[in-house]
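Colleague: Pasting a structure below so you can have a look.
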Amino acid sequence: MADGVLSPGVNLEAFSQAIAAIQALRSSVTRVFDCLKDGMRNKETLEGREKGFVAAFQESLHSVSRDLGELERLSNLVGKPSENHPLHNSGLLSLDPVQDKTPLYSQLLQAYKWSNKLQYHAGLASGLLNQQSLKRSANQMGVSAKRRPKAQPTTLVLPPQYVDDVINRIDRMFPEMTIQLSRPNGTSAMLLVTLGKVLKVIVVMRSLFIDRTIVKGYNENVYTEDGKLDIWSKSNYQVFQKVTDHATTALLHYQLPQMPDVVVRSFMTWLRSYIKLFQAPCQRCGKFLQDGLPPTWRDFRTLEAFHDTCRQ
């Protein structure tokens, strides 16, 4: 009930006043019948009793007429509910009396909520991607027959020694975090970040740009059978799957191509906030668990903990 609207076309404030007017009208009608029931009393002479009865009866009738007019005025202000259901014909599913056997309406509402959430996140991702000065080849098709030679990006080609120095500095910044760097496929680095005894994160990098993150539990196996880091298998626990999704969102948020070392440091600072994943309560509802999960979302600026449903 926002902005005084009960449903489409209904004024909530006028509706409340109309209920009060109905109560006042019922009281006025009751006084009329009480006046008729009591008759001519408490007067010494017959003429005085008649005058008193007539005056009281007229006053009661005037009250009824006044309250009835006020009710008619408010009924015009209340409005008329919209005949079209907000969900159109799908709203008729809510009339099914056997809700536990055919919960189509509740499932439809849940799908609608997820659709809105998907649209919201897609809008955020689109805004972040539009901030980057990327030119797709599809936008240049048909513009000119000859294409200019593509300039090699200078910020992506960084010496491995420089990348190692940046990772070592970040490793010294956070005592609770251990970072192991390896290069199994040439110059591209892969990081195994161990955060206390809470979780482990596999970070796939391209120079100083983070391409992919996988979050797993502290006791989960992060290696394949041949001894390499497993960058494809997801965690067996739902809580770490949630954190993996949030880490992917964080990669889209921390974007500064001109200063990639700042991006990596900011991401690691955000990741370090999960050191109290199972100890910090939600800053919105104050609970430690919601649907069996701890607060898995961390704000990008304040690093405060929120449940996935409480952060919006």
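The values are calculated or read from the model by the stated rules, or taken from the named source; none is laboratory data. These figures come from a predicted structure and were not determined experimentally. Cβ: placed from backbone, ideal geometry, glycine included. Neighbour counts: every protein chain shown. What goes into the accessible areas is simple: the full protein's heavy atoms, side chains included, and nothing from ligands, DNA or RNA. Shrake-Rupley method; radii C 1.70, N 1.55, O 1.52, S 1.80 Å.
Colleague: How high is the relative contact order of segment 160-275? Use alpha-carbon pairs under 8 Å, at least six apart in sequence, and give a whole percent. The partial results should precede the final answer.
Modeller: Values: 163 pairs, mean separation 23.1, N = 116.
Relative CO of segment 160-275 lands at 20 percent.
Colleague: Under a 1.4 Å probe, what is the accessible area of segment 13-77 per residue, stated in Å²? All intermediate terms of the calculation are to be shown ahead of the outcome.
Modeller: Numbers: 4870 Å² over 65 residues.
On a per-residue basis, 75 Å².
Colleague: Once the Cβ-Cβ distance between K113 and S75 is put in as r, and R0 is 41 Å, what FRET efficiency do you end up with, to the nearest 0.05? Before the final figure, lay out each step's value.
Modeller: Details: r = 36 Å, r/R0 = 0.87.
Rounded to the nearest 0.05, the efficiency is 0.70.
Colleague: Here is a further query. With every protein chain left in place, what is the accessible area per residue of segment 160-275 in square angstrom, probe 1.4 Å?
Modeller: So segment 160-275 comes to 50 Å² accessible per residue, rounded to a whole number.
Colleague: Run the accessible area of segment 13-77 with a 1.4 Å probe and give the carbon-and-sulfur part as a rounded percent. Working shown, then result.
Modeller: Values: 2660 of 4870 Å².
About 55 percent, which is the carbon plus sulfur part of the accessible surface.
Colleague: So, by mean Cβ neighbours within 10 angstrom, what's the order for 106-117, 184-195 with the highest one leading? Can you show the working numbers first?
Modeller: On the way: 106-117: 11.7, 184-195: 15.8.
So the peptides 106-117, 184-195, ranked by packing, come out 184-195, 106-117.
Colleague: Using a probe of 1.4 angstrom, how much of the accessible area of segment 223-299 is carbon and sulfur, in percent?
Modeller: 51
Colleague: Another one. Give me Rg/Rg_expected for segment 13-77, where Rg uses Cα atoms only and Rg_expected = 2.2 N^0.38 Å with N residues. All intermediate terms of the calculation are to be shown ahead of the outcome.
Modeller: On the way: Rg = 15.1 Å, N = 65, 2.2 N^0.38 = 10.7 Å.
The value comes to 1.40.
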